[in-house]
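Everything below concerns the one structure shown next.
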Amino acid sequence: MAVIDVNEKNFEQEVLKSDKVVLADFNADWCGPCQMLKPIVHEIADERADVKVVSINIDDEEDLAEKYEVFSIPCVVAFKNGEEVARSVGFKPKAELLKLIGD
Amino acid sequence: MYDIIIIGAGPAGLTSAIYAKRASKSVLVLEAKAYGGQIINTPDIENYPVAAHISGFEFATKVYEQAQALGAEFVFEKAVDIRDLGDIKEVVTESNVYQAKAVIIATGSENRKLGVEREDELVGRGISYCATCDGAFYRKKSVAVVGGGNTALEDALYLADIAEKVYIIHRRDEFRGEDATVKSLKERENVEFVLNSQVVKLNADKRLESIEVLNKDGSTRVIEVKGLFVAVGRIPENQNFGKVVNLDQSGYIVAGEDCTTNAKGIFVAGDNRVKNVRQLVTATADGAVAVSEAVKYINNL
């Protein structure tokens, strides 16, 4: 599945009400480590039908970043049934990201 | 067996890979995290010849692709040891052992930590080592910077434009950094100097709420800040190699401008070498020099 761009309007629907586990990638264009992480996040989205991967641009979505207390990016937050279950900050290899969803 | 194993895929290691491939040597590059090293955190590089403006990420990606196109192999594993068996060197990673005739250590450096309890847990929840990366999240909030060098002073100046209030905490009453920057900081109304003091405690529930600082005179003070930017220097990532090559007191590998260590066939390139100027351009230069010496060494085996 493709990575879905999420904003304030569709966040509830796409993330909080998702049946699947969600990996939310908070990022920005100016952030180098975010660009390094991007291909990995896309790989997970392509390979894992059981996981929904979403991307949130923190410059456009300041309120979401604030609400979820994102203070450093890249920040990947795992949500299950609308609740945060794990998060990782900074560039991480794929295996580390998969650990967020219990793999 | 490879001709050359390069440990680290930052600017020094990647440049080594380019030079080694162009010298027709077989090359394996081992990298613990991602290619690029610390330069990927720099939003805009303005002091590298030819490129007036280039982001660290774009720079790293271009050099990485250049090395790949020339045929350098990349494996993303952390090197934990080097075994010097004379004409053969073994590089041990967390999952494999690789052999080569020569090794170039280009592991660079990492941020020095404060060493205060809960520091690791609060990274990304108030603790940061990169003001230009994370400063934007502290708009209109109070923050503190710890350190006395240029990085700390420049971080404080950068944050003074964003944050409501910036405390600069330093364990002495004089700064190692430039006087001009100190002067600019003193002119800012929202900057407060907390001197002769060190951070001894981080108060946080889920995220940083305040810090406790201890003054030389024994008094303590609690300062409410949402962010604490740590700029107390960097430490070379040579911890795993002290058995095979000589390190100086600060942990840097001892080698002159020829990048040759005390161990024959083991070379060093980049920020983890003893040197005065640690810049992108000196890292890439080391890459070329280290390979030149490594090739000479291999050809004489």
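The values are calculated or read from the model by the stated rules, or taken from the named source; none is laboratory data. Keep in mind that this is a model prediction, so the values were computed, not measured. Glycine also receives a Cβ, built like all others from the backbone with ideal geometry; neighbour counts cover every protein chain displayed. Keep in mind that these areas ignore ligands, DNA and RNA; they rest on the heavy atoms of the full protein, side chains included. Shrake-Rupley method; radii C 1.70, N 1.55, O 1.52, S 1.80 Å.
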Does the range A:36-53 contain at least one residue that is part of a strand (DSSP E or B), modelled with pLDDT of 95 or more and either closer than 24 Å to B:D134 by Cα or polar (S, T, N, Q) (or both)? yes
Residue set A:K17, A:K38; condition farther than 22 Å from B:D44 by Cα and surrounded by fewer than 19 Cβ atoms within 10 Å (Cβ to Cβ); output residue A:K17
The condition of being in contact with a strand residue (DSSP E or B) (Cβ under 7 Å, 6 or more places away or on another chain), open to solvent by 60 Å² or more (accessible area, probe 1.4 Å), away from chain A (no Cβ under 14 Å) and at pLDDT 95 or above holds, among B:E237, B:E257, B:E224, only for B:E224
Is it true that B:R125 is open to solvent by 30 Å² or more (accessible area, probe 1.4 Å), under 21 Å from B:K201 (Cα atoms), within 14 Å of another protein chain (Cβ to nearest Cβ) and not in a strand (DSSP E or B)? yes
Quick count over the range A:68-87, residues being over 17 Å from B:N41 (Cα atoms) and either more than 9 Å from every other protein chain (Cβ to nearest Cβ) or open to solvent by less than 10 Å² (accessible area, probe 1.4 Å) (or both), is 13
Residue hits (the range B:36-75; touching a residue at least 24 places away in the same chain (Cβ under 8 Å), within 12 Å of chain A (Cβ to nearest Cβ) and either closer than 30 Å to B:M1 by Cβ or among the acidic types (D, E) (or both)) are B:G36, B:G37, B:A60, B:T61, B:Y64
Filter the range B:134-150 for residues that are surrounded by fewer than 22 Cβ atoms within 10 Å (Cβ to Cβ) and under 23 Å from the mean Cα position of the chain (by Cα); the one that is nearest to A:E66 (Cα to Cα) is B:A136
Filter pass, A:A65 being more than 10 Å from every other protein chain (Cβ to nearest Cβ) and out of contact with any Gly (no Cβ under 7 Å at 6 or more places or on another chain): no
